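**Q** Quick one: this structure, given as structure tokens, is what I'll be asking you about.
Readers should treat all values here as calculations from the given coordinates under stated rules, not as data from a laboratory. Model, not experiment: these values are computed from the prediction. Note that each Cβ is placed from the backbone with ideal geometry, even for glycine, and that neighbours are counted across all protein chains shown.
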């Protein structure tokens, strides 16, 4: 994907980051 | 809308990263997430730099929301 910026996180890494935060939030009271 | 829902969640996620409730996220805050998230230190740094549009070393809630919003937008079209 040409939209990926040089030196920046790929969409996959960003998605992983946000998804992990989401599950962390829902996983804790 | 799904986008509005995401923006609401973005605020909650921002708070999770802003460990000291400073109102912004620093690279140090990101590094503290290392043990909590399945990302390597390098990946956390990449995420920070992607979201830090102004490259000033601080992630504001707006920048954080923008990053998440764009990601959701990308997923919609994918």
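**Q** Over the alpha carbons of chain B, what is the largest minus smallest coordinate on each principal axis, giving the biggest first in Å?
**A** Principal-axis extents of chain B (Cα, largest first): 33, 25, 25 Å.
**Q** Compare the peptides A:11-19, B:20-28 by average per-residue count of other Cβ atoms within 10 angstrom and give them in order, highest first. List each step's numbers first, then the result.
**A** On the way: A:11-19: 17.9, B:20-28: 13.6.
Highest-to-lowest ranking by the protection proxy: A:11-19, B:20-28.
**Q** Within 10 Å of each Cβ of B:43-55, how many other protein chain Cβ atoms are there on average?
**A** 4
**Q** Once you average over the residues of A:18-27, how many Cβ atoms of partner chains fall within 10 Å of each Cβ?
**A** For peptide A:18-27, the averaged partner shielding equals 5.
**Q** Using a 10 Å cut-off around each Cβ of peptide B:28-41, what is the average number of partner chain Cβ atoms that fall inside?
**A** 2
**Q** Per the Kirkwood formula on distinct C-alpha pairs, the Rh of the protein assembly as shown is how many angstrom?
**A** 13.9
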